[in-house]
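Visitor: If you scroll down you'll find the structure; I have some questions about it.
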Amino acid sequence: MLELHFELVYTPQSLPEHDLFTFSDADNEKILSSAIIADVDVLVAGDKHYDEIEIERPEILSPASHSNKQALDAPIISFDLS
């Protein structure tokens, strides 16, 4: 049985200015910024816009890539945008 670990990370109301990446969708920017601030290892995201982002950390995986990965040592992160 595969056991998945995750951590819930809350997105702050305002984010610091940066020039690391840009998204046309503000929610995507909030999610990735929050993942970086929380220092997560892996971000599982189904949105194709994440495919365009080239950063070292977090590793960004599609749900399919994540499920195909043999071993997952890092926690999965879930975001609450409310």
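Visitor: Could you compute how fast the range 1-71 diffuses translationally, taking Rh as the Kirkwood radius over C-alpha pairs and applying Stokes-Einstein at 10 °C with viscosity 1.306 mPa s? Give it in µm² per second.
Guide: Numbers: Rh = 13.2 Å.
For these conditions, the coefficient is 120 µm²/s.
Visitor: So how do 14-27, 32-45, 54-67 stack up, highest first, on mean other-Cβ count within 10 Å? Working shown, then result.
Guide: On the way: 14-27: 10.1, 32-45: 18.4, 54-67: 13.4.
The peptides rank, most packed first, as 32-45, 54-67, 14-27.
Visitor: What spacing in nm lies between the two simple spin-label points modelled at Ser24 and Ile55, each 7 Å away from Cα in the Cβ direction?
Guide: Placing both labels 7 Å along Cα→Cβ, they lie 2.0 nm apart.
FYI, it's all coordinate maths here, none of it is from the lab. Remember, it's a predicted structure, so these values are computed and weren't measured experimentally. Glycine also receives a Cβ, built like all others from the backbone with ideal geometry; neighbour counts cover every protein chain displayed.
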